[in-house]
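Right, one structure below, let's go through it.
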Amino acid sequence: MQIFEEQQTQDVKTDATVVSKTLQNISPGLNEWQDKSLMDQVFAQFDLQDKEEVISSSHDNTSLHMFDTLYKEDYNQSNMCLNIERRSSDKADANVSQRDKLINNISYLHITNFGSDTLESDSHASFPKIEDKQDKSPILKTKCRTLKEYKVPRKKLCLYDLESKSEKVQNKGSSSVEHSSFYGLPDIIKKLIQDVKGIRELYQWQEECLKLATTTKKNLIYTLPTSGGKTLVAEILMFREIICNKKSAIFILPYVALVQEKVQSMAILALKLGFLVEEYAGTKGRYPPIKRRRKNSMYICTTEKALGLINCFIETNRLSEIGIIVVDELHLLGESGGRGATLEGLLTKIMFLKNTIRLIGMSATIGNIKEIAQFLNADTYSQNFRPVEITEYVKYENHTWVIDLKSEELLTDATSNDYKYSDDVALLDPDRIGGLIMEVAPADSCLIFCSTRKNCENVALLLTKVLPKNLSNYKTNEKKTLLNALKTEEGLCPTLQKTIKFGVAYHHSGLTSEERRLLEDAFREGTLCVICCTSTLAAGVNLPARRVILRSPYVGNQFLNLSRYKQMIGRAGRAGMGILGESILICKKSEIDKVKELLTSQMDDSLSSLHVENDRGINNLILSAIQLNLATTRSELHKLTTATLLNIQQNRVGVNLRAITDETITALLKCGVIKVKSKGSNVGDSNVTVIIPSQEPEKSAAKKGVKTVTFTRETKFQLCDLGQAAMKGPIDLNTAYALYEDLKTAEKHLILTDNLHLLYLVTPYDSVSQITPVGSIYYNVVMGLTESQMQIARLLGITEATANKLRDGIMPKSVEKRVVHRFYVTLIVYELWNHHSVYTVAEKYQVNRGVIQSLLNTVSLFASSVVRFCQELPEFWTFTEMLRTFSKRLSYCCPSELETLMELPSVKIGRARQLYKAGYRTLQSIAKANSRDIKLLILQRVEDLKDECEDVLDGIEVSQIEVSL
C-alpha cells in the first residue's frame, strides 16, 4: 500500500537447514530428532526442496538464517532477540527428562526452516508503468496536473539503521531482548516487510507515529484518511509485542470478510516469524483458546468474537498472555445495532482492570477523537495524508463541477459532456454512466456505489446495453475462467453470466462469500473493470479503483453523511496503482443544496449506545462483570460503569448513568437473572420491591405485605442459573427465556424419527427478521412433508389447515407468529442439511443466496450457543449430548468425507468435491501442493497437539509413572 521507487522482486533464499541445540540441563536425548520418521511425516508437507540437515550439539547461532523460526531453543541472550526462558529447577528438569521417555515419538526440536517456496511471485506488489496518457483526468483535460507537476508527498527513507545504539528492553518475568534499529525489532522484520509487502520506505507520518508509539507504553489512537497506510503501523506494533515481549496480540476487525483477508495476508509472516495466526470469525474460534507454551498467537477477530475471547481470558486468569489489542475502525464505537455497544463493553473491561494490555485504535472517520482518547486514556496522532490525492466531482445532468473546499463557491470549473449518446441510449442512461466508465475502462477500474442491492444489479445490466460491444473481446480467456469458477461453487447467477462478458459485475450481501471473493480477485487482476456495489464494500475488503462513482447521494432511503461519503470515495486512487484518483457524485439539480451541506459538514461523532442497546449494552456489561467476578457489589458496578464512554458523554446524551445502573440492576433482579447473595438466603424474585436508601424517601419506601430488599453500597450479587446459562451462551435475555420454554416443551414431546425437530431447536430466533415466509411456498413445502415430519409440524402447531391459511395470506390465530416464521426458516435449514446447494435452496424459497449462506453460519453459531446454554442447566443434559455435533455439521452441510477438506481456508463444498475427486482427501496430501495457508494450518495443528500434551502432563510426577512397552 505504499509508493515505492522500483518494484524489484528479490528471491528470498533460505537455508534449508534444521538446527538443534543440546539442552543438557533438560535431557541428554534432546540433541537430535527423537523420532525422525514422525517429524518427516509432519514437515514433509512443507515440501522443502533441500534435504534437512541435522546439526547436533550446536551452540553457534550465526548459522541461523533470518527467516528461521525459533520456538524452544535457549541461545545466547545477548545475541538473539528471539529466545525462550530456560527451565531452571532441578525438579522440572527431571520431569521433562522422564516426560521425554513417556511421550514417545514426539520431538522437542522447535527450529524449523520453511524454505523459500513460501515467497511466491504473487506475494509482491507489481504494478504497470503509468503512461503519460493516464496522467490526466479525462473529465477536465485542461485542468488536471501532469505527472511532473503532480506533487508526490515527500517521504523519508526509514528502513535503515539509525545512528543511535541498540537499546535493551527488560521484560517482566522473561529474559532481556536486544533491540535493533527498526523500532525495537530485529532486522529480519525490516527485511521481511521489504520482501513480502514490497515496501522499502515508510511515509513520514508512519515514522512519526511509530516513534510516538515506541517511546511510551500509553494507549494510542491515530486517524488518517483511507489508504494512508494505517494498518502497517499496527502490524509493526503487534510484531514488537509478539517477538520482543513474548506476548500474544488481538486484532479486532469489524467484518468477517476483513478477518479472512487479514488471516490470509498474515500467513506468510507468521510462518517466517514463528507465531500462530488464529481466526475468530463466523464459525471459527475455540473457547477457551489453547494455552500456548512454545509460541505466541495473533488472534484476528470480529468484535463479537473478540468479546468472547476476552471473557475467556479473564475467566481462566490468562489475560496476562495478551500484550496488545488493536481495534480497526474505532469510530464504530458509535454504531447502532449492538456492535458499538459490544465494542464499548469490551474496551471498558480492559480499562477497568487497569492491566498492562496496550490499546491501539485507528480510524479514518472519527469526529470526537478527544472524547474517545479520554475514554481510553490514550495519546492521539492525526494527519490528513493520502499517498494519492483524489479529485472530487459533482455531476448532474450533463454538467460536472470540481469540488474545491477552499473556494467560497465550493463547486468550480464546470464542464459539460454528453458523450455523443444517441436518443435511445440517452433514455436508458440519462446520467451518462457508460460514458464516465469508458473514459477509464478497460485499462483502469471503476467502482459504482448504488443505494440498494437491487439497484446494483439493475445498473450492471444497464451497462451491458450501453457499453461498446467490443469490451466482450477484452481478456476473454480470463472471463471464461471466472465464469467456470462461479459455476463450480454454487451455480452461476444469470445476471452475472450476462455482465461478466463486458467486464462488469455486481457485489452485495446477496452473493455468497465465494462469489464475492472470486469477483474481488477478478477486479484486482483486471479481468473485471467495473463493479456495481453497495456502501458496505467501502468499509469491507481492500478493493481500490481509479475512479469511484456514487450513483446517488443516498444509502437506502437515507441521505449520505460525511463519514460514509469519505469511506466510499476513499476507494479511489491507491498507492502503487497510479498517481490519480477520482470520485464523481451524481445527483439531481434539486439535491445540489443538500450535497453542498454534506460536503461542508463535520465528521460524525461516535456516541455511546450502551444505554440504548440493553441486551448487548449495559445489561451485558453488568451480567458479564458479575459472572467474571470483575464487579459483584453495587459500588463496584457503579465504578465499572464510570469506566465507560457513556460516563464521559452522559451530559451530552442526556442521561444519568448512576440511575441507569441502579435501574438495570433492579430490572435484572426482578426478572430472575441475578440474585442478592446473603448468608441466610439468596433473594431473586419478580415480586420483590427494591429499596435504595440513597434515593428520595418517597421513591424508596417499602410497601406493606410486599417482600423487600435493600440495596446498599456493599450489596453483593450473583447470577442465577438462567443468567449463568445466558452469559455462557452467549445469548441475550429475551432469547434465553424463549429458548428455555422451547426446551422444556421439547423435553416432553421430542420427536427423533427425523432431525427436523432438533433443527427447529437450533434455528436462531432473530433469523425471522431476514426471511419473510411466502405463503404459496410455505404451503407447497408443508404439504410435501413425510408423515414423520408432519408429526413434528403438528406438534409445533403447523397443520394442513394452517398451511391453507398461510397460502391465502391469512396468519392463523391458533399458533404464535414467531413459531410460524421460525419453522419456515427451519425448513430452509433442513434443505441445506440434506446437502441441497445454496443456489437451489435460494431459488426455491425466493431468498438471496447470500442470505441463505449467512443463515447457515448463523444457525451453526446458535447451535454452539444452545449447547453451552444447556451445559449450565443440568435439566437439559440430554440436549447437550444430542446437539454437540450439530454446530460443525451445520457449518459445512456436506457429506462426512468432505468435512476435513472444508476446514481449509476459502474451500467450500464445490471446491471440496473437486479436491476429493482429484485424490486430495486429507490435509497432509494437500499440504504437499505448497500453499502457505495450508502450512500454517498444519503447523497450528502440530502446536495444538503439543500444547494439549503439556496440559495433560502439567503437574504430574512423570518419574513415578511406569510405562510398559
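The values are calculated or read from the model by the stated rules, or taken from the named source; none is laboratory data. Just so it is clear, the model here is predicted, and its values are computed rather than measured. Every residue, glycine among them, receives a Cβ derived from its backbone with ideal geometry; neighbour counts consider all protein chains shown. Accessible surface is based on the protein model in full, side chains and every heavy atom, while ligands, DNA and RNA are left aside. Shrake-Rupley method; radii C 1.70, N 1.55, O 1.52, S 1.80 Å.
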message: For the full complex of protein chains and a 1.4 angstrom probe, list Lys247, Lys305, Lys670, Lys498 by accessible area with the highest value first.
response: Lys498, Lys670, Lys247, Lys305
- request: Note down the relative contact order for segment 187-366 as a percent, whole number, built from C-alpha pairs under 8 angstrom at least six residues apart.
  value: 27 percent
message: Once ligands and nucleic acids are excluded and a 1.4 Å probe is used, how much of Val388 is accessible, expressed in Å² to the nearest 10?
response: 0 Å²
- line: Lys469 and Thr878 label points (each 7 Å along its Cα→Cβ direction) are spaced in nm at 6.9 nm
statement: Here the net charge surrounding Thr464, from other residues whose Cβ is less than 11 Å away from its Cβ (Lys, Arg +1; Asp, Glu -1), is +4
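How charged is the neighbourhood of Leu550? Take every other residue with its Cβ under 14 Å from the Cβ of Leu550, and add Lys/Arg as +1 and Asp/Glu as -1.
Values: positive: Lys395, Arg547, Arg551, Arg564, Lys566, Arg571, Lys588, Lys594; negative: Glu392, Asp431, Glu582, Glu591.
Residues near Leu550 contribute +4 overall.
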query: In nm, to one decimal, how far is the modelled label at Arg818 from the one at Asn561, with both set 7 Å along Cα→Cβ?
result: 3.0 nm
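Which value, in Å², gives the accessible area per residue of segment 726-893 when a 1.4 Å probe is used on the protein heavy atoms? Can you show the working numbers first?
On the way: 7340 Å² over 168 residues.
With the other protein chains kept in place, segment 726-893 gives 44 Å² per residue.
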field: For Asp431, net neighbour charge (Lys/Arg +1, Asp/Glu -1) across residues whose Cβ lies under 15 Å away
entry: +2
- prompt: Hey, with R₀ at 51 Å, roughly what FRET efficiency would Leu428 and Asn755 work out to, going by the Cβ-Cβ distance, to 0.05?
  reply: 0.50
statement: On the accessible surface of segment 522-591, probed at 1.4 Å with all protein chains in place, carbon and sulfur together account for a percent value of 47 percent
task: At a 1.4 Å probe radius, which order do Leu462, Leu657 fall into by accessible area, largest first?
output: Leu462, Leu657
task: Tally up the carbon and sulfur contribution to the accessible surface of segment 325-465 as a whole percent, 1.4 Å probe, everything protein left in place.
output: 45 percent
task: Might you tell me the accessible area per residue for segment 340-388, computed with a 1.4 Å probe and given in Å²?
output: 34 Å²
- request: Can you send over the solvent-accessible area of Lys197, 1.4 Å probe, protein chains only, in Å² to the nearest 10?
  value: 60 Å²
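May I ask you to compute the full-extension gain from Leu483 to Ala443, defined as 0.36 nm times their residue separation minus their alpha-carbon distance, rounded to one decimal in nm?
Details: separation 40, 0.36 × 40 = 14.40 nm, distance 2.07 nm.
Difference between extended and current length: 12.3 nm.
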field: Restraint check, Lys670/Lys728; Lys247/Lys284; Lys190/Lys639; Lys211/Lys262; Lys246/Lys349; Lys246/Lys675, Cα-Cα greater than 32 Å
entry: Lys190/Lys639; Lys246/Lys675
task: Find the accessible area per residue for segment 390-600; the probe is 1.4 Å, ligands and nucleic acids are left out, and the unit is Å².
output: 41 Å²
query: Label points 7 Å out from Cα along the Cβ direction at Ser788 and Glu741: separation in nm?
result: 3.0 nm
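Provide the FRET efficiency to the nearest 0.05 for the Asn804-Lys218 pair, computing r from the beta carbons and using R0 = 60 Å. Write out the running numbers ahead of the final one.
Numbers: r = 68 Å, r/R0 = 1.13.
It comes to 0.35.
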statement: Of the convex hull enclosing the alpha-carbon atoms of segment 455-542, the direction-averaged projected area in nm² is 5.2 nm²
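What FRET efficiency comes out for the pair Lys589/Lys406, r = Cβ-Cβ distance, R0 = 25 Å, nearest 0.05? Could you put the intermediate results ahead of the total?
Details: r = 24 Å, r/R0 = 0.98.
Computed FRET efficiency for Lys589 and Lys406 comes out at 0.55.
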statement: Of every hundred units of 1.4 Å-probe accessible area on segment 759-832, the number belonging to carbon and sulfur atoms, as a percent, is 51 percent
query: Using 17 Å as the cut-off for backbone N distance, which residues of segment 592-619 belong to the label zone defined by a point 7 Å from the Cα of Asp766 along Cα→Cβ?
result: 609-619
